[in-house]
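Worksheet for the structure shown next.
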Amino acid sequence: MKKLTLALLSVLAFGSAAAAQDSVTVYGRIDLGVGISRINDGFGSKENNAQMVTGAGTSNRIGIKGEEDLGSGYKIKFVLENGFDADTGAEATEGLAFSREATLQIVSPFGTLAAGRSSILGTDGGSFNMLGNVNPFGTGIWELGNQNIVYGKMPASRFDNAFTYRSPEYRGLQLTTEYSMGEEGKENRSTSNHYFGLGVTWKGGPAETVVLFERVNEALTTEKRSPKDMWRITAGGNWKFSAATAYLSLQYFKNADALGTASYSALKDNGIGSITSAQMKKLDGLEGENIILGFSTPVIGGKVLGAVGYIHAKTDELSKKLKADGGFIALGYQYPFSKTTRLYSAIGASAAKYKSGDQSVKPRGFYGTLGLSHYF
């Protein structure tokens, strides 16, 4: 840990010194707030909490990015970005100096080619994200409005040893594709997850749209069992009206081994009816669809956000069929004190129903938060 921290500080110091003579920038975000929650997991556990929250309005990060212009439309770029928890100062991912992104990019008239550790395409963060325009909350304000609550869950949001290509924009159309060879030392082996994504975006007038296909060739388990490969297709976008912006996301997924719905982890730990916890933890055949509807509109110098999401999923690979229905509703407000500092607040709820045979559980949660984000 100490070696990683010293290495990170050394690189940041170098970046600050180099910034005066080259296009190198040290940047970051720090976010802190307070949150209240009331959670019933459906299995007899009820919790009321008031706590400090961090990374609720935006994920905490510090990084370095830079570029060198080679002329004739060619550039070399790099991004080195680490996540951290502002309330403790701890690394978001222990053992990784640049957990959020570490890419080297070649920019040319034919597009951008990047290599390194990168986010999946199906998120709202990273250099090559494609789902930042389908939900006003993106991946949420704390536990509120997060599209991952209803999306089919990927094994990870970032992958090592990834190659990404993004085409030039042509008449509003742009193609992006990404492939990960897997974990370090396990590249292209069956013992490592391999991610593939291919998507197209289109921008024209008041509209932004996206269609994205993602698939994970999942690693063999410790029991040498080969899981089914999870995949999903997402389509959506937004439309800017004079007084507001409307958002829509639609998704179909298959062979997921988990959901982001309310208290799904408690379902895995407890099972339901004749379905045991051991069976739940080996499950990789969830199939379903989801929808998110949202809006944003200017109010009193800031912006009001609202969204609702719903998911229906099922599987029949267990001893009995399992059905899951869930969703969220969220309302938020963001107010910029300046170009770099923003106040935010949000309130909302999430709920789910898991049913197998004549047994069902109905977890639910209520959340509220108030916080401050600073960009530098």
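Bear in mind that the values in this text are calculations on the coordinates, not laboratory data. Treat the numbers as computed from the prediction; the structure is a model and nothing was measured. Here the Cβ positions follow ideal geometry from the backbone for every residue, glycine too, while neighbour counts run over all protein chains shown.
Helix 2-18 sits at what angle to the longest principal axis of the chain, using alpha carbons and giving 0 to 90 degrees rounded to 10? Once rounded, the angle reads 40 degrees. Placing unit charges on the Cβ atoms of the charged side chains and taking the dipole of the chain about its Cα centre, the candidate lying farthest along the positive direction among Ala207, Leu318, Ile233 is Leu318. Each of Ile347, Ile120, Ile76 was scored by other Cβ atoms within 10 Å of its Cβ. Arranged with the fewest first, they read Ile76, Ile347, Ile120. For the chain, a simple Cβ point-charge model (Lys and Arg +1, Asp and Glu -1, everything else neutral) yields a dipole of about 640 debye relative to the Cα centre. Residue-wise HN-Hα couplings along segment 267-275, as the Karplus relation 6.51 cos²θ - 1.76 cosθ + 1.60 with θ = phi - 60° gives them from phi, are 5, 5, 6, 10, x, 8, x, 7, 7 Hz; Gly and Pro carry x. Peptides 39-49, 175-185, 249-259, ordered by how many other C-beta atoms sit within 10 Å of their residues on average, highest first, read 249-259, 175-185, 39-49.
If a/c stays under 1.5 just call it rounded; otherwise compare a/b with b/c (prolate if a/b is bigger, oblate if not). Do that for segment 207-348, with a ≥ b ≥ c from the square roots of the Cα gyration tensor eigenvalues.
Here segment 207-348 falls in the prolate category.
Which links in Lys228/Lys320; Lys314/Lys362; Lys77/Lys240; Lys46/Lys355 stretch past 25 Å when you go from one Cα to the other?
Lys77/Lys240
For the chain, the relative contact order works out to 15 percent when only alpha carbon pairs closer than 8 Å and six or more residues apart are counted. Rounded to the nearest whole Hz, the Karplus-based 3J(HN,Hα) values (6.51 cos²θ - 1.76 cosθ + 1.60, θ = phi - 60°) of segment 286-302 follow the sequence 6, 10, x, 9, 8, 9, 10, 10, x, 8, 9, 8, x, 8, 6, x, x, with x at glycine and proline. Here's the picture: charge each Lys and Arg Cβ at +1 and each Asp and Glu Cβ at -1 in the chain, and of Asn255, Ser350, Leu96 the one pushed furthest to the positive end of that dipole is Ser350. The 3J(HN,Hα) values that the Karplus relation (6.51, -1.76, 1.60; θ = phi - 60°) gives for segment 33-42 are, in residue order, x, 10, x, 10, 8, 9, 10, 10, 7, x Hz. Gly and Pro appear as x. Most tightly packed first, judged by the mean number of other beta-carbon atoms within 10 Å of their residues, the peptides 338-345, 126-133, 268-275 read 126-133, 268-275, 338-345. Taking amide H as placed 1.01 Å from N in the peptide plane, the amide H of Gly42 sits under 5 Å from that of Arg364, each at least 5 places away or on another chain.
Put a plus charge on the Cβ of each Lys and Arg, a minus charge on the Cβ of each Asp and Glu, and nothing anywhere else: the dipole of segment 27-93 about its Cα centre is then about 160 debye.
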